[in-house]
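Chemist: Sending over a structure as structure tokens; questions will come in a sec.
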Amino acid sequence: MKKEKTQKGNPQEVTVWQHILPKVSIDRFTNNNGRVELYLKPESKVLKPKPTDKIFCGYRLWDHASEHGYMKSIEGAFQEIASKVVAGKISELDYGQEKTLLAFYALLELRSHYKRYPQEDLKLDGVLLGEDTFSKDQEEQLEKRGMILFCRNATDSAAIPGRLATGLNIEQSIAHKLYQNEGLKWGILQSNEGEFIVSDSFDHIAILPISPRIILMGNSRNQTVSKNNVCK
């Protein structure tokens, strides 16, 4: 999929590089030099990037308003819980906190999905716009100000930019996952030896690593785990 660049210099300051796992979460896994150890499995290669590195991001996968709207709200609520768990201020999760964890996990799952399978522009077959369409600057102003959808002329029909559709799809899918998994219990798992790793995908099992020694896990109870279980 071709990446759609902004105007030169990005005058509207539209967010383009978007973290899949928030930078704040990656920060908790850094060493004394502010870097993390990243293992690229296909290449059998180890890198040591900073949390701001673009390797942790996708380019304009969803729209600016989604990034700074509902996604920011979900991230903020989760980080408040995560910080308190790491600091030892939360040892038992209540229903509201578990709902927040589920929303955040769903957000990560959907973000990682769209990084692997970016949404193409949605063509509106049989629909053509007139000559008086939005300029690129106007489109970016609309996106920055929270316009949910707008159309533009494509090769043979009107089309909705894929990132706008993605922003809506993620929001609706999170609501659906919250309904499907209502009441999911989460446990706080702490390692007495060995460190947890963070995967680059979140679509197999509900696990949220929040520090090298602590993870939050769906369908689990609070427990301390051995090094052997950490390795599993």
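Chemist: Per residue, how large is the accessible surface of the chain? Use a 1.4 angstrom probe and give square angstrom.
Modeler: Numbers: 13600 Å² over 232 residues.
Using a 1.4 Å probe on heavy atoms only, each residue of the chain averages 59 Å².
Chemist: I need to check one value: relative contact order of the chain, counting alpha carbon pairs closer than 8 Å and at least 6 residues apart, in percent.
Modeler: Across the chain, relative contact order equals 21 percent.
Chemist: Here's a follow-up. Please state the charge dipole magnitude for the chain, taken about the Cα centre, from unit charges on C-beta atoms (+1 on K and R, -1 on D and E), reported in debye and rounded to the nearest 20. Each step should come with its number before you reach the end.
Modeler: Values: 32 positive and 30 negative charges, 188 e Å.
The calculated dipole for the chain is roughly 900 debye.
Chemist: With springs only between Cα atoms under 10 Å apart, run a GNM on the chain and tell me which of 118, 209, 11 wobbles the most.
Modeler: Fluctuation is largest for 11.
Chemist: Now for a separate question. Contact order normalised by length for region 35-145, with contacts defined as Cα pairs under 8 Å and 6 or more residues apart; what percent is it?
Modeler: After rounding, I find 25 percent.
Chemist: What do you reckon, how do 147, 217 stack up by accessible area (1.4 Å probe), largest on top?
Modeler: Greatest to least solvent exposure: 147, 217.
Chemist: Filter the cross-link list 2/23; 48/115; 5/177; 8/115; 48/144 down to pairs whose alpha-carbon distance in this structure exceeds 30 Å.
Modeler: Going by Cα-Cα distance, 5/177; 48/144 fall outside the 30 Å limit.
Chemist: Next question. Determine the distance separating the Cα centre of region 95-146 from the Cα centre of region 165-220; give it in Å without decimals.
Modeler: Using only Cα atoms, the two centres lie 22 Å from each other.
Chemist: Take every DSSP beta bridge with both residues inside region 106-232 and express the antiparallel ones as a percent of the total, to the nearest 5.
Modeler: Taking every DSSP beta bridge within region 106-232, about 80 percent pair in antiparallel fashion.
Chemist: Carbon and sulfur atoms: what percent of the 1.4 Å accessible area of region 1-145 do they account for?
Modeler: Numbers: 4390 of 8780 Å².
After summing per-atom areas, the C and S share lands at 50 percent.
Chemist: Next up: What percentages, rounded to whole numbers, describe P(r) for the chain computed over all alpha carbon pairs with 10 Å bin width beginning at zero?
Modeler: Final binned percentages: 7, 28, 32, 20, 9, 3, 0.
The values are calculated or read from the model by the stated rules, or taken from the named source; none is laboratory data. No experiment lies behind these values; they were computed from the predicted model shown. Neighbour counts are summed over all protein chains in view; Cβ atoms, including those assigned to glycine, are modelled from backbone coordinates with ideal geometry. The accessibility values were calculated without ligands, DNA or RNA, using every heavy atom of the protein model including side chains. Shrake-Rupley method; radii C 1.70, N 1.55, O 1.52, S 1.80 Å.
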